[in-house]
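One structure below.
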Amino acid sequence: MGSLLSLILIIIISLASKNTEAQGIKSARLLDLLIRDYTFKSFDTRLKTGTLHNVDLPANLSGIKVDTVRFRCGSLRRYGAKVKEFHLGTGVIVQPCVERVMIVRQNLGYNWSSIYYANYDLSGYQLVSPVLGLLAYNAGTDVKFNNRFQLGILANEKPITIDFRNNTRVNNISDIKPLCANFQGDGKVTLTNQVSPYVCVATRHGHFGLVAESPPPEPVKKNISRWKLAVGTTVGSAVGAFLLGLLLVAMFVKVKKKARMEELERRAYEEEALQVSMVGHIRAPTAPVIRTIPTIEHEYIPYAS
């Protein structure tokens, strides 16, 4: 009974440690090392050279798809290779050129690709494809844990092509023209144009993806309650009606004032009009005769003799 409880406890602790490990992965480099270890654990040295092998990952790395294939260094340079979305042309160089090379292809999916979005400066852009990785490791027959070192892949003669046609959120009908993103090991990201729709090129190993410009943020819409909307509408209508009334009153006063001025001018004209009299057989205007009453300007004092 005690041994059974101990076994259950060990299983629980193991699962908890795996979940903690997955939750603590914030580095792209750490994720590569975990994938490398699981790849070597599942690799069977009896597999034929050039045979593609799918790697089973634990549940805490769900969403990631990994495939691996082993080549001889000289054969890889002479004939090239195709590993899923990656096509390595002839003349590809592996540094250092060990006896056998293990090529590891990664498809991080949209969920795990967010690690690259968080660790690289992609401001103004968004990922429209999962991040695809192409790495190489030493895969000799006597390989040990300490000898699982990473190798370099250089394509000087013919570049490496990466086909995203089956790994993108956009299609040929869309107006979006993605850019190729090359996530370099020094924390920098390089953006280049596609060589053809959803096809990118590279001259060395690494991680790659498609990015597009982020749409401008939508304006924030404030939720206004119905009663506030009703009160605002009522107040606005009342103010508008009041201003309209003032305008009508001003127009009425102006018209009334103008009519009054015209009436006063008409009356003044009629009062000042000359009278019309008959002079023989002709009607002619005449003015009434007004005699000026003489006044003595100085008091008269009769002269005394």
Starting from region 189-201, keep only residues that are on the phi > 0 side of the Ramachandran plot, then list their pairs with residues that are not small (Gly, Ala, Ser) whose Cβ atoms are within a distance under 6 Å, requiring at least 6 positions of separation or different chains.
-> 198/164; 198/165; 198/168
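On the given criteria, is residue 121 surrounded by fewer than 20 Cβ atoms within 10 Å (Cβ to Cβ), part of a loop (DSSP other than H, G, I, E, B), among the charged types (D, E, K, R) and touching a residue at least 40 places away in the same chain (Cβ under 8 Å)?
Details: surrounded by fewer than 20 Cβ atoms within 10 Å (Cβ to Cβ): yes; part of a loop (DSSP other than H, G, I, E, B): yes; among the charged types (D, E, K, R): yes; touching a residue at least 40 places away in the same chain (Cβ under 8 Å): yes.
Yes.
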For region 107-118, enumerate the residues that are within 12 Å of residue 183 (Cβ to Cβ), modelled with pLDDT of 90 or more and open to solvent by 10 Å² or more (accessible area, probe 1.4 Å).
-> 115
Only one of (1) modelled with pLDDT under 90; (2) under 26 Å from residue 121 (Cβ atoms) fails for residue 35. Which number is that?
-> (1)
Tabulated pairs, region 90-107, first more than 21 Å from residue 47 (Cα to Cα) and in contact (Cβ under 8 Å) with a residue 60 or more places away in the chain, second assigned to a strand (DSSP E or B) and open to solvent by 10 Å² or more (accessible area, probe 1.4 Å), C-beta under 6 angstrom, 6+ apart or interchain | 93/154; 107/65
Of all residues making up region 124-146, the number that are at pLDDT 90 or above and open to solvent by 80 Å² or more (accessible area, probe 1.4 Å) = 0
What is the number of the single condition among (1) under 21 Å from residue 200 (Cα atoms); (2) at pLDDT below 90 that residue 88 does not meet?
-> (2)
Check residue 165 against each of (1) within 26 Å of residue 47 (Cα to Cα); (2) not in a strand (DSSP E or B) and name the one condition it does not meet.
-> (1)
Selection within region 147-161 - at pLDDT below 90 and either buried (at least 20 other Cβ atoms within 10 Å of the Cβ) or not acidic (Asp, Glu) (or both) | 147, 148, 149, 156
Go through region 24-56 residue by residue and tally those that are open to solvent by 60 Å² or more (accessible area, probe 1.4 Å) and closer than 22 Å to residue 113 by Cα.
-> 5
Residues in region 38-71 that are at pLDDT 90 or above, of a type in the set (Lys, Arg) and more than 21 Å from residue 149 (Cα to Cα): how many?
-> 1
Can you tell me which residues in region 195-249 are at pLDDT below 75 and open to solvent by less than 80 Å² (accessible area, probe 1.4 Å)?
-> 225
Please give the number of the condition residue 89 fails out of (1) open to solvent by 30 Å² or more (accessible area, probe 1.4 Å); (2) under 13 Å from residue 157 (Cα atoms).
-> (1)
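The values are calculated or read from the model by the stated rules, or taken from the named source; none is laboratory data. All values derive from a computational prediction rather than experimental measurement. Quick reminder, even Gly has a Cβ in these numbers, built from the backbone with ideal geometry, and neighbours come from all protein chains shown. These accessible areas exclude ligands, DNA and RNA; they are computed on the full protein's heavy atoms, side chains included. Shrake-Rupley method; radii C 1.70, N 1.55, O 1.52, S 1.80 Å.
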